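> One structure, pasted below without further comment.
The values are calculated or read from the model by the stated rules, or taken from the named source; none is laboratory data. What you see is a predicted model, and the numbers here were worked out from it, not measured in a lab. Reconstructed Cβ throughout: ideal geometry from the backbone, glycine too, with neighbour counts over all protein chains shown. Please note that ligands, DNA and RNA were not included when accessible areas were found on the heavy atoms of the full protein model with its side chains. Shrake-Rupley method; radii C 1.70, N 1.55, O 1.52, S 1.80 Å.
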Amino acid sequence: MSTTTNPPKRETRSGAPAGEKVADWADGRLGVYTVAKSNMRKIFPDHWSFLLGEICLYAFVILLLTGVYLTLFFVPSMAEIEYEGSYIPMQGVLMSEAYASTLNISFDVRGGLLMREIHHWSALLFVVGIFFHMMRVFFTGAFRKPREINWLFGFALLVLAILTGLTGYSLPDDLLSGVGIRFMEGAILSVPVVGTWLQMLVFGGEFPGSLIIPRFFVAHVLLLPGLMLGLLVAHLLLVVYHKHTHFAGPGRTNDNVVGMPLFPVYMAKAGGFFFLVFGVIAMIAATTSINPVWVLGPYRPDQISTNAQPDWYLGFSEGLVRMMPGWEMVIPGGYTLNLGLLVPLIVFPLVFAVIALYPFFEGWVTKDKREHHIAERPRNAPTRTAVGVAWLSWYFVALVAGGNDIWAIHFDLSINAITWWTRISFFVLPVIVFIITRRICLGLQRRDREKVLHGRETGIIKRLPHGEFIEVHEPLSAEKRYALTAHDQPRPAELGPSVDENGVPRKVGPLERLRVRINRGYYGPSGQIPKPTAEEYREITSGHGHH
Amino acid sequence: MSSQIESHDDVNDGKTPVRTGDADGLPETREHDPFADPGLPAHKPRIQDLDERAAKRSERVVTLLFTVSMLATVGFILSYALIPIDAITYIWPFGNVSPLNFSLGMTLGLALFCIGAGAVHWSRTLMSDEESAQERHPIEATPAVKAAVMEDFRKGTEESGIGFGRRKMIRNSMFGALALVPLSGIVLLRDLGPSPEGGAPLRRTMWEEGTLIINENTGQPLRPEDMVVGSLVQAMPEGLDLHDHHFHEEIAKAAVMLVRLEPEDIKDQQSADWGHEGILCYSKICTHIGCPATLYEQQTHHALCPCHQSTFDLSDGARVLFGPAGHALPQLRITVNEDGYLAAMGDFEEPPGPSFWERG
Ligand code: HEM
Ligand code: FES
């Protein structure tokens, strides 16, 4: 008998409650107690910006629930049938089964329209949420070691979410969704050398063919959500493993995590928040119609409406396409290069790559190998913050360009003028925004410094005996003082002496020179305001002085 | 304690001991370092922690929220059963809406929202709000662990024979086999679609010599006298029917629009020659990415594509005036047949729609 190798036998108490018995049973097979011991009271820090990621998770769950419901009725087929459902204006109209079944969901399935609308609203919220969540991570430097890989997971989720939205938007096969597919076809055709091959393979023949919706359907309901689910789980496991970042504050350091335990407080809050998000989306869906596919009718390649707009997350690519001049040329050999579409097709992923790879760029510039668990205040990393805001302004310009017709109509401007504004701004605005943002960050750092050294402005004006008016400054609490001075201020990198200790000239490569220059931009006098030192503080406080 | 002072002048190495705010160490440290971590602040009790009556009130609020949720679910079921799906009602301020959709959404929303609100209120007012700290541990393994792993790995490679070049052939042929096997999967993708035949299908449309031009609106063949000067007619080739299997593929290439201009307004001689008495027939598929470019401005003879605002001058060979389109809309050469109907004189000379690599 091998009883000797077994751990001390644990008896289930005879009078134990049913829950404990079930838990005992599960523990014998899954080891749940061991898992619970290390996780049940795990600490999660609290900050409003940490909710953004949660919103994405909840939107994803809502998408799964409503999406599965829609698959029960949606027919992913482009076979043409005559519509016989109860929406009178379309009766007798020839349309694809996909479109007919979407009308069916909207008009003949009770609650079907609500599910469609919840699905679409949560899709928008999902992508918005990912975007803002990513910005939170970016601006607090939460992507630094050890979290670079999780940053990439998150980025992959953004890309997959956009693709899922794109394929979903194409499914109903109404006029707008067909125009979206046509856009894709045009873009694919512009690829040099293999464009026509790709187009034939993707569509299974000439545009539109009868395969693109079934193919998109599989991608939309199986492939992409499956990939996202896997990535999401990995993403969350890494969050738990690394433990969440928190902002510096009294008792909150790089070596601990301060907050509430998973069970019960965090669970109740997070679980509750899921229901809040779901409830709000349901009410939005009840009152605000989105994508009324029945208005414009089925897709026909020779019909169009004005104001065709993609969902917002593709407005960026739409804008690139609208900004680009219609350059097209025939190169030697008689082949056509359609730069008008090709350039946006290349710039689009490049702009995304800039933000995706930024953590590795910063890691290279700073050569910082330490683990970072403190979420930095954006002002304390002026260069990074400026890069982020400049990137956003880039994105914003393209978004404006994507709606150039809307701006033109609402503000009575000429399309031509808007297009030229966006073309110039695309190159100029990020630079201006970069400079201004860095200035603002430095200004805020200066203000923090003043606050620490001279106290908080109270707004109380005092008249001194000799008639001068001064504002009373109240010294900061120790907690505040700590929070405002706890951040790192790395020293700028140096190229080092040009000769080593033996007098032999050291060789410094051009890449290293560049790195040092950028590093000095980050941490040199133009990149950060030195935080107050203890000496400065003592000097000022001992003088009790105002100056 | 001196390390703490330095840690603020220099890079914080992340290893500075954490101050926990124990009472006797405090004043002294403060003097040394005005920026020392004062430690977690003491817990401030909430009103619910001090006053049982307030706690009871919170409890009632939470219970009320959960009860409202239950009622809302009952409301959802009743709405589902009772409200007809085809009803339309005016509901302020949303306008004419489906009352079924409205009440299902509102009751579901309320049922969910109240669960959420109850849970959050419960956790904020009644569950402990005392913060606590947990230590972090470095992600990196200790040198000892790393050494042990390296040793295990060395043993493993040694046992497999890969490590020291003794069994190079096995290793290399394995890599070769693994590299080749995915090729089968890629080859299988070939039949996703037919060959593009150098763009031949993109060039060919249904228009042939003598094909009549059918008015989209009336379904009848067009005659010159059907078109007054300044009008625009959308049309398609004779013999194309909505019920055809390949209707969409054909119309995506063959859709045209005809305009009638005063012959002296036509700036391009070839364009005028390809028309008939000022009637010009252009592909209406935008050369940008293929939306129909059918917004027509009578005075200027401009056709505008609503997708990205490419603007074509129909009086000047449909050349691009503005926007991202890369070339003019192809023109279809037309004439009048012996019965007096407008007819094509052949297919387009260049492929309609967006450009592609082999377009030339
Ligand atoms: C996770 C991210 C997802 C996003 C961003 C997304 C997005 C979308 C969008 C924008 C539409 C068009 C809806 C409309 O207005 O009619 C759509 C339709 C659809 N989605 Fe999703 N979806 C996601 C996940 C899923 C999942 C997991 C499923 C199923 C398992 C699903 C099933 C469907 C179906 C069947 C339709 C077509 C039905 C209709 O249009 O009414 N979706 N999706
Ligand atoms: S499709 Fe006509 S301008 Fe883009």
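> Excluding A:ALA493 itself, calculate the net charge of residues whose Cβ lies under 11 Å from the Cβ of A:ALA493, where each Lys or Arg counts +1 and each Asp or Glu counts -1.
After counting each charged neighbour, the total is +3.
> Also, I was wondering about something else. Counting only protein heavy atoms, what percent of the accessible surface of the protein assembly as shown is carbon or sulfur at a 1.4 Å probe?
C and S atoms contribute 64 percent here.
> Rounding to the nearest 10 and keeping the result within 0 to 90°, find how far the Cα-based axis of helix A:175-189 lies from the longest principal axis of chain A.
The helix A:175-189 is inclined about 80 degrees to chain A.
> Write out the GluC sites (Glu not before Pro) in segment A:442-496 meeting two conditions: DSSP loop, and at most 13 other Cβ atoms within 10 Å of their Cβ.
Here the GluC sites (Glu not before Pro) that fit, given the DSSP loop and packing criteria, are A:GLU468, A:GLU494.
> Continuing with the same structure: According to the square roots a ≥ b ≥ c of the eigenvalues of the Cα gyration tensor, what is the shape class of segment A:188-243, taking rounded for a/c under 1.5, prolate for a/b larger than b/c otherwise, and oblate for the remainder?
Oblate shape, in that a/c is at least 1.5 and b/c is the bigger or equal ratio.
> Determine which residues of segment B:290-328 fall in the zone a paramagnetic label at B:GLU262 would reach in this model, i.e. backbone nitrogen under 16 Å from the point 7 Å along Cα→Cβ.
Residues B:298-302, B:315-316 qualify, since their backbone N sits under 16 Å from the label point.
> Follow-up. How much accessible area per residue does segment A:397-476 have, counting only protein heavy atoms and a probe of 1.4 Å, in square angstrom?
63 Å²
> Right, something else. Just to confirm my understanding: which cysteines in the protein assembly as shown have no other cysteine beta carbon less than 4.7 Å from their beta carbon?
Those would be A:CYS56, A:CYS441, B:CYS114, B:CYS281, since no other cysteine Cβ in the protein assembly as shown comes under 4.7 Å of theirs.
> Let me ask another. Given 0.36 nm per residue, what is the gain on full extension from B:VAL228 to B:GLN134 after removing their alpha carbon distance, in nm?
Extra length available between B:VAL228 and B:GLN134 comes to 25.5 nm.
> Same structure again: Tell me the GluC sites (Glu not before Pro) within segment B:318-360 that lie in a loop according to DSSP and have at most 12 other beta-carbon atoms within 10 Å.
Those satisfying the criteria are B:GLU338, B:GLU349.
> Along each of its three principal axes, how wide is the spread of alpha-carbon positions in segment B:52-125, in whole angstrom units, largest first?
Principal extents (largest minus smallest coordinate, Cα): 52, 25, 16 Å.
> Which percent of Cα pairs goes in each bin when the distances of segment B:77-204 are cut into 10 angstrom slices starting at zero?
Taking all Cα pairs of segment B:77-204, the binned fractions are 8, 12, 10, 10, 13, 23, 16, 7, 0 percent.
> Under 27 Å Cα to Cα from B:LYS155, which lysines show up? Leave out anything in the same chain fewer than 8 places away.
B:LYS146, B:LYS168
> I'd like the chymotrypsin sites (Phe, Trp or Tyr not before Pro) in segment B:86-116 restricted to DSSP loop residues with at most 15 other Cβ atoms within 10 Å, sorted by number.
The qualifying sites are B:PHE94.
> Sticking with this structure for a sec: With a 1.4 Å probe and all protein chains left in place, how much accessible area per residue does segment B:206-359 have, in Å²?
Spelled out: the 1.4 Å probe surface of segment B:206-359, per residue, equals 39 Å².
> When ligands, DNA and RNA are left out and all protein chains stay put, how many square angstrom of accessible area per residue does segment B:52-125 have with a 1.4 Å probe?
58 Å²
> At a Förster distance of 51 Å, what's the computed FRET efficiency of B:LEU180 paired with A:LEU514, Cβ-Cβ distance as r, to 0.05?
0.75
> Which entries in A:LYS269/B:LYS56; A:LYS243/A:LYS480; A:LYS367/A:LYS531; A:LYS42/A:LYS480; A:LYS42/A:LYS451 show an alpha-carbon gap greater than 30 Å?
Check vs 30 Å cut-off fails for A:LYS42/A:LYS451.
> Roughly what would the spin-label model give for A:ILE440 and B:ALA141, points 7 Å off Cα along C-beta, in nm?
Using points 7 Å along Cα→Cβ, the separation is 4.6 nm.
> Here is a further query. How much net charge surrounds B:ASP265 when only the other residues with a Cβ under 13 Å from the Cβ of B:ASP265 are counted, with Lys and Arg +1 and Asp and Glu -1?
-4
> While we're here: If each DSSP helix of 4+ residues adds -39,500 (n - 2.57) and the sum is divided by the residues in chain A, what number results at 222 nm, nearest 500 deg cm²/dmol?
Mean residue ellipticity at 222 nm (helix-derived): -19000 deg cm²/dmol.
> Right, here's the next one. Based on the Cβ-Cβ distance of A:ILE331 and B:ASP241, what FRET efficiency does E = 1/(1 + (r/R0)^6) give at R0 = 35 Å, to the nearest 0.05?
Between A:ILE331 and B:ASP241 the formula returns 0.30.
> Let me ask something else. Using a 1.4 angstrom probe and counting only protein chains, how large is the accessible area of A:VAL472 in Å², to 10?
Counting only protein heavy atoms, A:VAL472 exposes about 50 Å² to solvent.
> Give the cross-link partners of B:LYS284 among the lysines, using a straight C-alpha distance below 28 Å as the criterion and excluding same-chain residues fewer than 8 apart.
Once the sequence-local lysines are set aside, what remains near B:LYS284 is B:LYS253, B:LYS267.
> Another question about this same structure. Longest exposed-loop-site-free stretch of chain A, with trypsin sites (Lys or Arg not before Pro), DSSP loop and at most 12 other Cβ within 10 Å?
A:14-366
> Using Cα atoms only, what is the angle between the long axis of helix B:168-188 and the major principal axis of chain B, expressed in degrees (0 to 90) to the nearest 10?
So the helix axis and the longest Cα principal axis differ by about 50 degrees.
> Along the positive direction of the dipole of chain B (beta-carbon charges: Lys, Arg +1; Asp, Glu -1; about the Cα centre), which of B:SER98, B:VAL61, B:SER160 reaches farthest?
My answer, from the dipole projection, is B:SER160.
> Now for a different question. What nm value, rounded to one decimal, do you get for the distance between A:LEU211 and A:VAL239 when each label is placed 7 Å out toward the C-beta?
For A:LEU211 paired with A:VAL239, the spin-label model returns 4.0 nm.
> From largest accessible area down, sort A:ASP412, A:ASP108; use a 1.4 Å probe on the protein chains.
Ranking A:ASP412, A:ASP108 by accessible area, largest first, yields A:ASP412, A:ASP108.
> Okay, moving on. Please state the shape class of chain A: rounded when a/c is under 1.5, otherwise prolate if a/b exceeds b/c and oblate if not, all from the C-alpha gyration tensor.
Here chain A falls in the oblate category.
> Going by a ≥ b ≥ c, the root eigenvalues of the Cα gyration tensor, does segment A:327-409 fall in the rounded group (a/c under 1.5), the prolate group (a/b larger than b/c) or the oblate group?
It is oblate, given that a/c is not under 1.5 and a/b is not larger than b/c.
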